[in-house]
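Scroll down for the structure; my scribbles are underneath it.
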Amino acid sequence: EERLRLGDYTLTSITFKNPDGVFKEFNVGCNLNVASRGNTLTPDTYDQEIGLFGLGTEESPYLIARPHGLETIRERVNEGVSFENKYFRQVADIDMTAYYNKGFRSIAINPSYPFKGNYDGNGKEIQYCAIRRIMEHGESVDSGTAASGLFAYVSGASFKNVTMVNPDVMGGPLTGALIGGVLGVVGEESTPTLVENCRVMKTVSKAAEVYGSNFVGGLVGGVDVYASLIMKNCENVNLPVGNSPGGSFVG
C-alpha cells in the first residue's frame, strides 16, 4: 500500500507454494520503471516463446536472476534454440546449493545443438554449481561420455564477467566449470568463442574442484580441432583441477 520511490527496480524472483505445499522459486529477472507517484510500472518486454524477460538483443538482453533462468536456457537449447546472436545478462547472484548433491544438468548437453549465445555475468556470482557426470574419483567413463560444465558444448559463443564460486564439477572427457567443450564445424572457418573477464574460485573447505579424464580445465575443458577460443583476463583462484589415472591434457 506504500508508494515506491521513483526510479528503476529489478525484480529477480518470485516464490510461491505449489499444490503439494512445497515452496518454489522462479526466475523473473524483470526491470521495472516507476515513473509516477501513482506507482505506474513499466516492465521489460516478456518473450513468451522463450520464457524470459527481455528481447534477447544487446540493448535488451534476456535477464537471468535465479537457477530457474538457467534451466529455461537449457530447456530452449534442448528444443533446438541455439540463441545465436542473442544476449543474456545476469542481474543477481545465483545460489545453486539446492542442486549440490545430485548436480545441476548441464546446458547444451547434445554436441549437435551447442549454445551459441552471448552471456554477460555482469560481475555477479554463480555459487556452488555442481555438475556430476560421475559421483566419485576413479569412476570409469568412456569416450562417449558427454562434456561436463555449466555449458556442456558451445560454438561461436561469448562469456564475459562470469564468476563461479566453489563449483564442483566431476566428469569424463571435456570437463570445465563454465564450458566443457568448444566446438567448430567441419570444413568451415569457425567463429571464435570468447571468454573474457571470467574467473573460478574456491573459498570454502568443502568439496570444490574440477575433475575429469581428458581435456580438463578450470574454466574450459577442451577445444576441438575445428574451433578456436580466445581467453582474456581470466583467472583461477585456488580451485583444484585434476584428472583420473590414465587421463591426459589437464590444466
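Here are the numbers for the structure shown:
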item: Cross-chain or 6+ apart pairs with Cβ under 6 Å, the range 187-213 first and at pLDDT below 85, then not in a strand (DSSP E or B); result: S190/G184; S190/Y226; S190/A227; S190/S228; T191/G156
item: Test for P67: is it open to solvent by less than 20 Å² (accessible area, probe 1.4 Å), more than 13 Å from the chain's Cα centre (by Cα), in contact (Cβ under 8 Å) with a residue 12 or more places away in the chain and at negative phi; result: no
item: Single condition L239 does not satisfy, out of (1) at pLDDT 95 or above; (2) open to solvent by 30 Å² or more (accessible area, probe 1.4 Å); (3) more than 17 Å from the chain's Cα centre (by Cα); result: (2)
item: Residue in the range 170-208 that is surrounded by the most Cβ atoms within 10 Å (Cβ to Cβ), counting only those that are under 17 Å from the mean Cα position of the chain (by Cα) and within 19 Å of G246 (Cα to Cα); result: T175
item: Flag for N85 being open to solvent by 10 Å² or more (accessible area, probe 1.4 Å), within 25 Å of N233 (Cβ to Cβ) and among the polar types (S, T, N, Q); result: yes
item: Any strands (runs of 3 or more DSSP E) falling wholly within the range 23-114 and containing at least 3 residues that are under 27 Å from V165 (Cα atoms) and of a type outside the set (D, E, K, R); result: 23-34, 62-64, 87-90
item: So S248, is it of a type in the set (S, T, Y) and in a strand (DSSP E or B); result: yes
item: Pick from the range 209-236, criterion assigned to a loop (DSSP other than H, G, I, E, B) and either over 23 Å from S155 (Cβ atoms) or in contact with a strand residue (DSSP E or B) (Cβ under 9 Å, 6 or more places away or on another chain) (or both), ranking: most open to solvent (accessible area, probe 1.4 Å); result: N233
item: Residues satisfying the stated conditions in the range 96-145, i.e. open to solvent by 10 Å² or more (accessible area, probe 1.4 Å) and within 24 Å of S60 (Cα to Cα); result: P114, K116, N118, D120, N122, G123, K124, E125
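The values are calculated or read from the model by the stated rules, or taken from the named source; none is laboratory data. These numbers were taken from a predicted model, which means no experiment stands behind them. Note that we place each Cβ from the backbone using ideal geometry, even for glycine, and neighbour counts take in every protein chain shown. Only protein heavy atoms, including side chains, enter the accessible area calculation; ligands, DNA and RNA are left aside. Shrake-Rupley method; radii C 1.70, N 1.55, O 1.52, S 1.80 Å.
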